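Structure record follows, encoded as structure tokens.
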Amino acid sequence: MADQSPTKNEFDRRKFMRTTAAATAAATTFAGAARGAGIDPGKKIKVGFIGTGGRGTGAASQALSADDNIELVAMADVFQEKIDKSLESLSKNKALTEKVKVPKEMQFTGLDGYKRVLDSDIDVVLLTTTPGFRPLHLRAAIEADKHVFAEKPMAVDAAGVRHVYETLKMAEGKPLSIVAGFCWRYSESRREAYRKVMEEGLIGDVTSVYATYYSGHSKPHLDPSLRTDGMTDIEWQIRNWYNYTWLGGGGLVEQAVHSVDKIGWVMGDQSPILCRATGGLAAPQVGDGNIFDHYHIAYEYPNNVWCHLASRKTPGCLNENADYVRGTKGTLIIGRGSDPYIEDNDGKLLWRFRKPRTGEPNMYQVEHDEFFESIRTGEHINDGPRMIHSSMMAIMGRMSAHTGKQITWEEAMAAGEDFFEDEGGMTWDQPYEPNPVAVPGVTRIEGIGGMEKGQAALEEKLRRPWLQG
């Protein structure tokens, strides 16, 4: 594949200031979404699609189903076969056939394919690549004045969060909608459940939250024998993106972030005071990935409220995706194979969500329905503040687990963690060896636990012998 990589300067733009002031500012609120004229129903909305994997193709299908007068006109992915597979999948939906109009010349590959999509005359862009590239792509989309649907998470490291924060500040005042793929926020049952807790006070004051994200392996590492001759380090790792922290953020940041987001939601999206976490790699791992497969994170909030997240991805163990929100008067329980319900402290049922006969609307479709309605009406949506807040909470938990340190919110926001720091001049054929699996008590991050930049760089060099010399 021809090298179509971004330049060094473009990657360097991720390096937003690492000052405490900037970190504190990132936790503040943004201005509301700006109102605009909207797009007349008689005008066709043109959509571009960047990152054409399974979840991305699902998002494209939902986007095309959200409006009658809409077309998909441009696509980009680093692999042509991904684009081909996505188009094949979309073509199977007869209701969408006339809405998919992506000729070969509008199919772009390579690390810079996203630029070609954004340079076209699209109105909306779907950002569904591996999340390590999300800050770069989001910045380019806002600079191009496109409405954005961005899958979660918004970044994989602290530097990426700060970069996204700066991008969202750039978007203030622009008549653009920015919707995040934290889909539970668009679930009818979850919205009603949290309304009962947060607005009606049905469980009293929240005293604790326990969220679980237990599942088997969903994205196992490809066997190294599948790496063909001539496949570069960058290509191999992108094909195995979930298993590399610099690309996917790890299972906590890429998937269990949904549960982190629900903790943030019920706590009013206020920043936790601190967190402490454990984690590790328990199951045997094939290949050279560097992520943990289990975590437990405790976030401390004011008034001695602790919110816990337990995440594990191991076959043969308990599977559960549930939320237990306890209060002074009762408990909200979400999951466990039933609709959300609330019990008082004596076990008496106080409320249960009841689906209509037609069933609860698909939350993935709802987020796109509301997204495109906002574009048509000009009543724009801005998920920006909470989408980076939840992403940072998950990253904060991972940093605590990886280092074995207790971390304050301010330390996390100002941390010198930047997985793209050595990739400023990324090219398709460059050799690249990722960090080893973290070792709690040994792994260090600048700004965490008193670690200074020079010491962190030295210890990193000692842990990564390929940087010596």
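The values are calculated or read from the model by the stated rules, or taken from the named source; none is laboratory data. Because the structure is a prediction, the values reported are computed rather than measured. Note that we place each Cβ from the backbone using ideal geometry, even for glycine, and neighbour counts take in every protein chain shown.
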Report summary line: Scanning the range 71-82 for residues that are surrounded by fewer than 21 Cβ atoms within 10 Å (Cβ to Cβ) and either of a type in the set (A, V, I, L, M) or in a strand (DSSP E or B) (or both) gives Glu71
**Report entry** Any hit, the range 438-447, residues being under 30 Å from Asp145 (Cβ atoms) and surrounded by fewer than 23 Cβ atoms within 10 Å (Cβ to Cβ)
**Finding:** no
Query raised in the report: Among the residues of the range 66-83, is any at pLDDT below 95, closer than 23 Å to Val366 by Cβ and of a type outside the set (D, E, K, R)?
Result: no
Report summary line: The correct count of residues that are out of contact with any helix residue (DSSP H, G or I) (no Cβ under 6 Å at 6 or more places or on another chain) and either charged (D, E, K, R) or under 28 Å from Pro440 (Cα atoms) (or both) in the range 360-386 is 7
Report task. Take the residues in the range 227-281 that are in contact with a Leu (Cβ under 7 Å, 6 or more places away or on another chain) and either closer than 20 Å to Ile407 by Cα or among the aliphatic types (A, V, I, L, M) (or both), then tell me which one is surrounded by the most Cβ atoms within 10 Å (Cβ to Cβ). Result -> Val260
Query raised in the report: Can you name every residue in the range 355-377 that is in contact with a strand residue (DSSP E or B) (Cβ under 7 Å, 6 or more places away or on another chain) and more than 30 Å from Gly42 (Cα to Cα)?
Result: Lys355
Query raised in the report: Just checking, which of Lys94, Lys85 is assigned to a loop (DSSP other than H, G, I, E, B), free of Cβ contacts under 8 Å to residues at least 40 places away in the same chain and over 30 Å from Pro385 (Cα atoms)?
Result: Lys94
Query - Of the criteria (1) part of a helix (DSSP H, G or I); (2) farther than 26 Å from Asn382 by Cβ; (3) modelled with pLDDT of 95 or more, which one Ala59 fails - result: (2)
Requested in this report: Report, by residue number, each residue of the range 418-432 that is over 14 Å from Leu136 (Cβ atoms), modelled with pLDDT of 85 or more and among the charged types (D, E, K, R).
Outcome: Asp429
Query raised in the report: What residue, among those in the range 282-294 that are out of contact with any His (no Cβ under 9 Å at 6 or more places or on another chain) and in contact (Cβ under 8 Å) with a residue 24 or more places away in the chain, is surrounded by the most Cβ atoms within 10 Å (Cβ to Cβ)?
Result: Ile291
Query raised in the report: Here are some conditions: (1) of a type in the set (S, T, N, Q); (2) part of a helix (DSSP H, G or I); (3) modelled with pLDDT of 95 or more. Thr207 meets all but one. Which one does it not meet?
Result: (2)
Query - Among (1) assigned to a loop (DSSP other than H, G, I, E, B); (2) touching a helix residue (DSSP H, G or I) at 6+ places or on another chain (Cβ under 6 Å); (3) within 24 Å of Pro302 (Cα to Cα), the one test that Glu417 misses - result: (3)
Query raised in the report: Can you find a residue in the range 231-252 that is assigned to a loop (DSSP other than H, G, I, E, B), out of contact with any Gly (no Cβ under 9 Å at 6 or more places or on another chain) and modelled with pLDDT under 95?
Result: yes
Report task. Could you please tell me which pairs satisfy a Cβ distance under 6 Å, a separation of 6+ or placement on different chains, a first residue in the range 100-111 that is over 11 Å from Ala76 (Cα atoms), and a second residue that is hydrophobic (A, V, I, L, M, F, W, C) and assigned to a strand (DSSP E or B)? Result -> Val100/Leu72; Lys101/Val73
Report task. Check whether at least one residue in the range 266-280 is of a type in the set (D, E, K, R), part of a loop (DSSP other than H, G, I, E, B) and in contact with an Asp or Glu (Cβ under 9 Å, 6 or more places away or on another chain), and report yes or no. Result -> no
